[in-house]
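Colleague: Submitted below is the structure of interest, expressed as structure tokens.
The values are calculated or read from the model by the stated rules, or taken from the named source; none is laboratory data. The model shown is predicted, which means the values in this text are computed figures rather than measured ones. As a convention, Cβ positions derive from the backbone with ideal geometry for all residues, glycine included, and neighbour counts pool all protein chains shown.
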Amino acid sequence: MGLIPTVMSFLFGDNRNAIVETAQVFRENAENGAVRDASARTDSLTQLAAEFARPQRGVFDRIVDGLNRLPRPALALGTIWLFVAAMQKPAQFAEGMQGLALVPEPLWWLMGAIVSFYFGARHQVKSQDFQRAVVQSLAVSKVLQAPKGPTNDNPALSDWQMKNGE
């Protein structure tokens with residue numbers, strides 16, 4: 001066997017490519033790097049979506065959630081009712097307001113704190129639900145739009161991917 005075939009089989013034989021293997025020590029393989037990046041993004045978004053996942057809610061949870069929705073409409077309708085009561089029965093309305101004027105100030109502070117904490121907690125729960133929905137939709141869209149690397153413009157690879165169902 002001659003010198004050139006021996007060198008060529010040394011460099012490219014046994015389904016190896018010594019030049020490519022040597023070059024990959026100094027420079028990352030761009031295609032493999034793109035695949036790793038896409039996989040890392042998908043994994044991190046999946047993990048984030050799983051962190052915000054809520055287990056299936058039971059009957060009790062749904063009933064309590066329904067009860068939690070009552071105070072805001074009750075406050076709004078109660079305020080409107082006060083205006084109606086003031087117009088229909090001014091004397092009774094004035095007596096009721098005098099009774100409210102006798103409530104001590106610390107009790108008003110306590111009532112304000114309770115209402116503020118209730119609505120603040122409710123706002124936080126709804127905000128977290130919104131963030132959870134955004135993360136889940138983002139995870140789905142990122143998984144569906146994950147890049148396949150810098151080889152998308154390669155016609156031979158595109159044909160091979162179509163034939164192999166990728």
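Colleague: Specify the residue that is farthest from Val125 (Cα to Cα); the eligible residues are those in segment 62-112 that are loosely packed, with under 11 Cβ neighbours inside 10 Å and of a type in the set (S, T, N, Q).
Modeller: Out of the qualifying residues, it is Gln88.
Colleague: Is at least one residue of segment 20-32 in contact (Cβ under 8 Å) with a residue 24 or more places away in the chain and in contact with a Lys or Arg (Cβ under 8 Å, 6 or more places away or on another chain)?
Modeller: Taking every residue of segment 20-32 in turn, none turns out to be in contact (Cβ under 8 Å) with a residue 24 or more places away in the chain and in contact with a Lys or Arg (Cβ under 8 Å, 6 or more places away or on another chain).
Colleague: Hey, which of the helices (runs of 4 or more DSSP H) in segment 37-155, taking only ones fully inside, have at least 1 residues that are within 30 Å of Gly165 (Cα to Cα) and of a type in the set (S, T, N, Q)? So that I can check it myself, show each step before the final result.
Modeller: Details: elements: 59-68, 71-88, 90-101, 105-144.
In segment 37-155, 105-144 are the helices (runs of 4 or more DSSP H) which contain 1 or more residues that are within 30 Å of Gly165 (Cα to Cα) and of a type in the set (S, T, N, Q).
Colleague: Is there a residue in segment 82-92 that is free of Cβ contacts under 8 Å to residues at least 40 places away in the same chain, touching a Phe, Trp or Tyr at 6+ places or on another chain (Cβ under 7 Å) and not assigned by TED's automatic domain parsing to the domain that holds Arg122?
Modeller: yes
Colleague: Inside segment 88-118, can you point out the residues that are aromatic (Phe, Trp, Tyr) and modelled with pLDDT of 90 or more?
Modeller: Taking segment 88-118 as the starting set, the residues that turn out to be aromatic (Phe, Trp, Tyr) are 93, 108-109, 117-118.
Result: Phe93, Trp108, Trp109.
Colleague: Hey, another quick one. Name the residue, out of Ala85, Ala121, Ala156, that is farther than 27 Å from Asp43 by Cβ and at pLDDT 85 or above.
Modeller: Numbers: Ala121 fails: at pLDDT 85 or above; Ala156 fails: at pLDDT 85 or above.
Just a single option satisfies the conditions, and that option is Ala85.
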